[in-house]
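Written below as structure tokens is the structure these notes are about.
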Amino acid sequence: MTRHCPTRRTRRTIGSVALALTTVLAGTAATVTATAATATAADPLPAITPRAETPVLHDDDAGGNADADDPAIWRDAANPARSLVIATAKEGGLRAYDLDARPLQSVAAPPPAGPDDAPGRFNNVDLVHGLKLSTGPADLAVTSDRGHDRLRFYRIDRDRTGGPLTDVTDPAAPPVFSADQDEINEQRTAYGLATWHDKATGRSYALVSQRERTSVALLELTPGQDGKVSYRKVRTLDLPSSFRLPNGTSWSPCGEPDELPQVEGMVVDPANGTLYAGQEDVGIWRMRADLTGTPKLVDKVREYGVPGVYDEETEECTPGTDPGYGGNRISADVEGLTLVHEADGDGYLLASSQGDNTFAAYDRELSDNNEYEGGFRVTPAGGTLDGSEECDGAAALNEPLGPKYPNGLLVVQDGHDAPGDGDRPATNFKFVDLGKVMKSLDD
């Protein structure tokens, strides 16, 4: 069985090479065949510039080990200009921003259960609207706490003194995947997350993936006493970790020993209960949100089928010859997935192609089999407002959000904020006019 390299260090190298090659190709008149991870000068993707960015986060001791990861957009129906972006910062907890990208609240991740245990680490976030709590209906931000293998729930109240987010997590909420604290400390825990309201039953759910495994769990959200929220596991589904190639061989993405190709980016289309899940080094899956039926691989990463050998000394994979079985739209890792809804029922599934710093758009209508519709890059707007590189998470909302974003908003994570601060790891979130994105895809 051959394996392909997914280590973050290696992926950054591949992405940097691809970006450099793209720049070279753009400046030459010759016809060049680029590598699979590179856009050609003859077919460049549209460049979209952001309008604002959040303050930088630093993933080091001085910065509180804060690392931007995944955003969600909450719309204030009474006053859309006062809408919020709620985003995870891993060990830095949860952040709430206004539409000027200014911080309104910082919520700390929970401390370790014990002195030798893992600390709280918020990975992904999504929203639930109008959940019927014992204290009345409420909009909630739901986040996966990888450090404790649990979900955390925060009630959203835009006018609350002290900030819009209030923790309403039931203290008795159970681990999602782990049997005990020792398993939690191994960190094969709650990772990717998407919420889903089943219109047929009126129940609300969270879909949660497992780090370093292929499992996705369906959790029903269960309101309790005093406005608290917990959940119960309904079922799990395991995506493949090994794939039969057209030449008859078996292939799995390369990784550390006993590490399987995980899922992170996920989103549910509320119109038809369809879950889209990004298996980082494989591609984008489509399946029923209730985790019944058979998943379908909508698109593959370019690196699909490429053999690789893991080197324990360097903690990297050395890729072999590409047999040509991968896709040609997205490069590993496939990350943040988000949906753009249109009034006529059409719209897009957007995916972060982390390996080449681009975004891919697919038709969200099942009747069109999620056909590829185009792509774009988020590029610098100036010397102090850069674009998005190695994007982890993304969120789009195609509704008016006041005078700043009358055509909706796209928020994307930036894995390398510039100009940065020396060698300190620097990440943040970019705010993009969704109208510009829609225009580029419609042209």
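Being open to solvent by 10 Å² or more (accessible area, probe 1.4 Å), part of a loop (DSSP other than H, G, I, E, B) and small (Gly, Ala, Ser) is the filter here; which residues of the range 389-416 pass it?
Once the filter is applied, which keeps residues that are open to solvent by 10 Å² or more (accessible area, probe 1.4 Å), part of a loop (DSSP other than H, G, I, E, B) and small (Gly, Ala, Ser), the range 389-416 yields only 402.
Identify the single condition in (1) open to solvent by 60 Å² or more (accessible area, probe 1.4 Å); (2) modelled with pLDDT of 95 or more that residue 50 does not satisfy, given that it satisfies every other one.
It is condition (1) that residue 50 fails.
Among the numbered criteria (1) open to solvent by 60 Å² or more (accessible area, probe 1.4 Å); (2) modelled with pLDDT under 95; (3) not small (Gly, Ala, Ser), which one does residue 103 miss?
Of everything listed in (1) open to solvent by 60 Å² or more (accessible area, probe 1.4 Å); (2) modelled with pLDDT under 95; (3) not small (Gly, Ala, Ser), residue 103 misses just condition (2).
Hey, among 322, 333, which residue is within 22 Å of the chain's Cα centre (by Cα), of a type in the set (Asp, Glu) and at negative phi?
On the way: 322 fails: within 22 Å of the chain's Cα centre (by Cα).
From the options 322, 333, the qualifying one is 333.
Can you tell which of 304, 362 is closer than 20 Å to residue 255 by Cα, hydroxyl-bearing (Ser, Thr, Tyr), out of contact with any Cys (no Cβ under 9 Å at 6 or more places or on another chain) and modelled with pLDDT of 95 or more?
Going through 304, 362 in turn, just one is closer than 20 Å to residue 255 by Cα, hydroxyl-bearing (Ser, Thr, Tyr), out of contact with any Cys (no Cβ under 9 Å at 6 or more places or on another chain) and modelled with pLDDT of 95 or more: 304.
Against the definition (more than 15 Å from the chain's Cα centre (by Cα), open to solvent by less than 40 Å² (accessible area, probe 1.4 Å) and touching a residue at least 24 places away in the same chain (Cβ under 8 Å)), how does residue 374 come out, yes or no? Outline the logic, then answer.
Values: more than 15 Å from the chain's Cα centre (by Cα): yes; open to solvent by less than 40 Å² (accessible area, probe 1.4 Å): yes; touching a residue at least 24 places away in the same chain (Cβ under 8 Å): yes.
Taking the combined requirement at face value, the residue satisfies it.
Can you pull out the residues in the range 183-194 that are open to solvent by less than 20 Å² (accessible area, probe 1.4 Å) and either closer than 23 Å to residue 155 by Cα or among the aromatic types (Phe, Trp, Tyr) (or both)?
Hits for the range 183-194 are 190, 192, 193, 194.
Here's the yes/no breakdown for (1) touching a strand residue (DSSP E or B) at 6+ places or on another chain (Cβ under 6 Å); (2) modelled with pLDDT under 95; (3) aromatic (Phe, Trp, Tyr):
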residue	(1), (2), (3)
74	yes, no, yes
78	no, no, no
117	no, no, no
120	yes, no, no
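Considering only the range 55-64, I want to know if a residue exists there that is open to solvent by less than 10 Å² (accessible area, probe 1.4 Å) and in contact with a Leu (Cβ under 7 Å, 6 or more places away or on another chain).
Among the residues of the range 55-64, not one is open to solvent by less than 10 Å² (accessible area, probe 1.4 Å) and in contact with a Leu (Cβ under 7 Å, 6 or more places away or on another chain), which makes the answer no.
Applying the selection to the range 76-90, what residues are farther than 19 Å from residue 336 by Cα and either within 15 Å of the chain's Cα centre (by Cα) or surrounded by fewer than 20 Cβ atoms within 10 Å (Cβ to Cβ) (or both)?
76, 77, 78, 79, 80, 81, 82
For the range 149-159, give me the residue count where each residue is open to solvent by 50 Å² or more (accessible area, probe 1.4 Å) and within 17 Å of residue 229 (Cβ to Cβ).
Of the residues in that region, 3 qualify.
Filter the range 289-301 down to the residues that are within 18 Å of residue 196 (Cα to Cα) and within 19 Å of the chain's Cα centre (by Cα) and list them by number.
Listed by number, the list holds a single entry, 289.
Of all residues in the range 165-182 being touching a residue at least 60 places away in the same chain (Cβ under 8 Å) and within 21 Å of residue 126 (Cα to Cα), which is surrounded by the fewest Cβ atoms within 10 Å (Cβ to Cβ)?
167
For residue 65, are the conditions met, namely being polar (S, T, N, Q), modelled with pLDDT of 95 or more and out of contact with any strand residue (DSSP E or B) (no Cβ under 8 Å at 6 or more places or on another chain)?
It is false that residue 65 is polar (S, T, N, Q), modelled with pLDDT of 95 or more and out of contact with any strand residue (DSSP E or B) (no Cβ under 8 Å at 6 or more places or on another chain).
Looking only at the range 215-236, count every residue that is in contact with a Pro (Cβ under 9 Å, 6 or more places away or on another chain) and either over 25 Å from residue 286 (Cα atoms) or open to solvent by 20 Å² or more (accessible area, probe 1.4 Å) (or both) and tell me the total.
5
Which one is surrounded by the most Cβ atoms within 10 Å (Cβ to Cβ) among residues in the range 237-253 that are under 21 Å from the mean Cα position of the chain (by Cα) and more than 18 Å from residue 193 (Cβ to Cβ)? Walk me through it before giving the result.
Just the residues of the range 237-253 that are under 21 Å from the mean Cα position of the chain (by Cα), to begin with: 237-241, 253.
Now restrict to residues that are more than 18 Å from residue 193 (Cβ to Cβ): 240-241, 253.
Working: 240: 15, 241: 16, 253: 29.
Per the criteria, the residue is 253.
Among the residues in the range 64-71, are any part of a strand (DSSP E or B), touching a residue at least 12 places away in the same chain (Cβ under 8 Å) and not acidic (Asp, Glu)?
Taking every residue of the range 64-71 in turn, at least one turns out to be part of a strand (DSSP E or B), touching a residue at least 12 places away in the same chain (Cβ under 8 Å) and not acidic (Asp, Glu).
Any idea which of (1) without any contact (Cβ under 8 Å) to a residue 40 or more places away in the chain; (2) open to solvent by less than 40 Å² (accessible area, probe 1.4 Å); (3) assigned to a strand (DSSP E or B) is the one residue 137 doesn't satisfy?
So the condition that residue 137 fails would be (2).
For the range 275-371, list the strands (runs of 3 or more DSSP E) that sit wholly inside it and hold at least 1 residues that are in contact with a helix residue (DSSP H, G or I) (Cβ under 7 Å, 6 or more places away or on another chain), open to solvent by 10 Å² or more (accessible area, probe 1.4 Å) and charged (D, E, K, R); which are they?
By residue number, 316-319.
The values are calculated or read from the model by the stated rules, or taken from the named source; none is laboratory data. Keep in mind it's a predicted model, so treat the numbers as computed, not measured. We place every Cβ from the backbone using ideal geometry, glycine too, and count neighbours over all the protein chains shown. Accessible surface areas use protein heavy atoms only, side chains included; no ligands, DNA or RNA. Shrake-Rupley method; radii C 1.70, N 1.55, O 1.52, S 1.80 Å.
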